[in-house]
Amino acid sequence: MQNLFRLLPAVDAVLADLADIPDLADAPRPLVHDAVTDFLDGLRADIKAGRITDPTQLAPEALTAQCARFAVAACRPHFRRVVNATGVVVHTNLGRSLLADAAIDAAAAACRRYSNLEFDLAAGERGSRYSHVVDILRKLTGAEAALVVNNNAAAVLIALETLAKGREAIVSRGQLVEIGGSFRIPEVMAKSGAILREVGATNRTHPRDYENAISEDTALLLKVHASNYRIIGFTKEVSLPELVAIGRAHDLPVMEDLGSGNLTDFAGIGLPGEPTVQQAVASGADIVTFSGDKVLGGPQAGILVGKAQYIEAIRKNPLNRAVRIDKMTLAALEATLRLYLDPQTARKEIPTLAMITASPEALAKKARRLAAILKKSLAGRYAVKALPGASRVGGGAFPEHDLPTTQVSLTPLAGAPSPDALRERLLVTDPPLIGRIEGDAFLLDPRTLADDELKLVARVLDEALAG
Ligand SMILES: *Cc1c(COP(=O)(O)O)cnc(C)c1O
């Protein structure tokens, strides 16, 4: 054992050997140093535990190659690109919406140079950061006023805090939803200081339920998009126009948390059932909140549109400073919203919209191309087939709606890793690839794969199977 320990190289000697590895050229030196130390500590532990007993296991060239792989993996930035082959377009775990090129460029430009973020160039004096998106949001939604904050959770929180703190907000029991990632309407309300007044039954709420609950303590009528869940069967919900009528009769503001908040009417492409922001505004909602990075296809943001008196009060709330939107987001959001001025352009240029509206024919073609590539690269290891399947929008929009797609399924042939084993191996490839498993097959959905990612999928699968 002592002899084996003596074969271990010194840290500095390994560092010198790694000096020419291209993948480590840009890695911060302290990280490379730590990686080498960790690698050598690992070898020491292996010797001590009897996992290394043969001096040939410590041959210098082999050690250098192993250490280089270890160091490359250890020195990678933690935040990384992944390949999304799940077919879920707005995948919260994988970064939700990809940005349009125009939005990416705008964000980069906002970072690279100084900007008029809070400077009114016409007046030559201090301006408002919100000015960059207010007019376009008013134009696109028809609302009187607009405000943007960090995310929709913040939008809901600050709206409730401004309008209903210490007083009651009336919500239908069927809308007291948890969105995932710990956003629960009752808890957000509690944090805002608004007192939750639930009305109706889980499956049915009537206008009279709201009417009966209204008292001098009532501050707000709130409607919440149920997002990723649906009540089906014997159900009744009070529509936004009905709620607005009740609000008007009692001089109470009506707020709708739309969640995903699309500016595009998807009904025309066979995706009915999601209200647009424009419809909510036209129905007379006083405040409408929605996310920037769900179906809208922009950066993470919370958008509030509605009546000027309420939006202005929310803007002035000191909490607004704590949920303030940053300049990269503002730049990307303005660029995204500008694309919506021409719906055709929006559909083409905004990746989220393009992926949601991709035609079944185009997806089938892409699946066949991917299958052809993989049939070659995985020959003898997996049976590769293009099969009809379903993708999802994600982000709580169109929860019960499958989007028809063609998937590429990989079924292991004798000796190849099982779908579960393949899934694990694909988590440590560069880049990692996330797919789905159904039965005995690993599935790749082309909907969320860019055209230039098909060959990458083949390469990554090769890497997974070699490792
Ligand atoms: C997603 C969602 C939220 C939270 O929005 P974020 O932008 O993720 O903060 C709030 N309400 C509803 C109904 C949602 O669907």
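So which helices (runs of 4 or more DSSP H) stay within the range 335-419 end to end and still have 2 or more residues that are in contact with a helix residue (DSSP H, G or I) (Cβ under 7 Å, 6 or more places away or on another chain) and over 17 Å from Ser97 (Cβ atoms)?
360-377
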When you look at Gly270, is it free of Cβ contacts under 8 Å to residues at least 12 places away in the same chain and more than 15 Å from the ligand (Cβ to nearest atom), yes or no?
yes
Tell me, which helices (runs of 4 or more DSSP H) wholly within the range 218-328 include 1 or more residues that are closer than 22 Å to Asn150 by Cβ?
277-282, 308-316, 319-322
Give Glu187, Glu211, Glu161 a once-over and let me know the one that is in a helix (DSSP H, G or I) and open to solvent by less than 70 Å² (accessible area, probe 1.4 Å).
Glu161
Reported set for the range 303-325 where residues are within 16 Å of the ligand (Cβ to nearest atom) and either within 21 Å of Phe266 (Cα to Cα) or open to solvent by 60 Å² or more (accessible area, probe 1.4 Å) (or both) is Ile303, Val305, Ala322, Arg324
Does the range 164-174 contain at least one residue that is of a type in the set (Gly, Ala, Ser), part of a helix (DSSP H, G or I), touching a strand residue (DSSP E or B) at 6+ places or on another chain (Cβ under 7 Å) and closer than 25 Å to Glu312 by Cα?
yes
Is it fair to say Thr37 is of a type in the set (Val, Ile, Thr), more than 25 Å from Asp452 (Cα to Cα) and open to solvent by less than 50 Å² (accessible area, probe 1.4 Å)?
yes
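Okay, residues lined up against (1) assigned by TED's automatic domain parsing to the domain that holds Gly292; (2) open to solvent by 30 Å² or more (accessible area, probe 1.4 Å); (3) touching a residue at least 60 places away in the same chain (Cβ under 8 Å); (4) of a type in the set (Asp, Glu):
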| position | (1), (2), (3), (4) |
| --- | --- |
| Gly389 | no, no, yes, no |
| Ala421 | no, yes, no, no |
| Arg425 | no, yes, no, no |
| Asp440 | no, yes, no, yes |
| Asp445 | no, no, yes, yes |
If you go through Ala100, Ala68, Ala85, Ala59, the only one that is without any contact (Cβ under 8 Å) to a residue 60 or more places away in the chain, away from the ligand (no atom under 16 Å from the Cβ) and surrounded by 20 or more Cβ atoms within 10 Å (Cβ to Cβ) is Ala68
Checked Ala371, Ala332 against criteria (within 15 Å of the ligand (Cβ to nearest atom), at pLDDT 95 or above, over 26 Å from Val254 (Cα atoms) and of a type in the set (A, V, I, L, M)); the one match is Ala332
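Could you pull out the residue among Val156, Val171, Val133 that is under 30 Å from Tyr340 (Cα atoms), in the same structural domain as Thr329 (by TED's automatic domain parsing) and within 15 Å of the ligand (Cβ to nearest atom)?
Val156
The values are calculated or read from the model by the stated rules, or taken from the named source; none is laboratory data. Keep in mind the model is a prediction, meaning the values are calculated, not measured. Virtual Cβ from ideal backbone geometry, glycine too; neighbours counted across all protein chains shown. Side chains included, ligands, DNA and RNA excluded: accessible areas come from the protein's heavy atoms. Shrake-Rupley method; radii C 1.70, N 1.55, O 1.52, S 1.80 Å.
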